Amino acid sequence: MKLIVAVDRNWAIGNEGKLLASIPEDMKFFRTTTTGNVVVMGRKTLESFPGKRPLKNRVNIVLTRDEGYTADGAVIVHDIEELLAKLEDYSDKEIYVIGGGTIYNQLLKYCDTALVTYIDDEFKADTYFPNLDKDESWKMADSGERKEHEGTVYYFRRYDKM
Ligand SMILES: NC(=O)c1ccc[n+]([C@@H]2O[C@H](COP(=O)([O-])OP(=O)(O)OC[C@H]3O[C@@H](n4cnc5c(N)ncnc54)[C@H](OP(=O)(O)O)[C@@H]3O)[C@@H](O)[C@H]2O)c1
C-alpha cells in the first residue's frame, strides 16, 4: 500500500475541510498516479470533493463508521479490518491512501511508500500528517527537483519505509 499527500513545512495538510494550496501540476501528478488504481479515503475527504462525488476512473473506497452511509460509485467500509479484507479484491491494482488526517494516521503502518508533495510554505491548518523526517522507520529516497507555481516552491518527494 502507498500513500500520496501534499504537506507544508509543518506537515500540515488541511484547514476547515479544504486543501492548503492548489498547485495544478500537483493535481495532475495526483490524477495520473492514482487513475486506474484504488484510492482509500475517509468520509470527510470524500465530502471535500466537488459534488461530494468519488474520483473518476478509480476504485474509491471510503471509510465511515456510519452503517447507513452510501455514496454512489464508492465502496463503503466501516473499519480497518473490513478495509483490509476488501483490498484483497483489488490485488491487481495499486492501492493509494489519499487521506485525510485520520486515515493517514491509521494506515501509515501498512504503507511502504509515501509520495509527498512538499510545499515550502506555511499555512493556517487544523489537520496534520506525521512528520516522516522525524520518523526513523521512513527515509527520503528522492528529494525531488525544485518547482515553482505563482511563487510557491514545492518538491515531489518519495519516502520509503526502512
Ligand atoms: N494535503 C493532502 O494531501 C490531503 C489529502 C486528503 C485530505 N486532506 C485534508 O484533510 C482534511 C480532512 O481530514 P480529516 O482527518 O478531517 O478527515 P478524514 O480522515 O478524511 O475523514 C474522517 C472520517 O473518516 C471516518 N473514519 C476514520 N477512521 C475510521 C475507521 N477506523 N473506521 C471507519 N471510519 C473511519 C470517519 O467517518 P464518520 O464520521 O462518517 O464515521 C471520520 O469522521 C481536509 O482538510 C482535507 O482537505 C488533505
| request: Would you mind computing, in nm to one decimal, how far apart the modelled labels at D92 and K52 are, each placed 7 Å from Cα along Cα→Cβ? | output: 3.3 nm
| Using 0.36 nm per residue, how much length does the chain from T32 to I80 gain when fully extended, once their Cα-Cα distance is taken away? | 14.7 nm
| Distance between modelled label sites at Y155 and N131, nm, 7 Å Cα→Cβ extension | 1.6 nm
| message | Report the gain in length on full extension from D121 to T102: 0.36 nm times residue separation, minus Cα-Cα distance, nm rounded to one decimal. | response | 4.6 nm
| Which length gain, in nm to one decimal place, applies between M162 and E16 when the Cα-Cα distance is subtracted from 0.36 nm times their residue separation? | 49.2 nm
| What ranking do 153-160, 39-46 get when scored by the average of other Cβ atoms within 10 Å per residue, highest first? | 39-46, 153-160
| note | Taking the chain and counting helices only, DSSP H stretches of n ≥ 4 at -39,500 (n - 2.57) each over all residues, the nearest-500 ellipticity at 222 nm comes to -5500 deg cm²/dmol
| Rounded to 5, the percent of DSSP beta bridges in the chain classed as antiparallel | 45 percent
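A short reminder: the numbers here are calculations on the coordinates, not readings from a lab. Not measured: the values here are computed from a predicted model. Ideal geometry is used to build each Cβ from the backbone, glycine not excepted, and the neighbour counts take in all protein chains shown.
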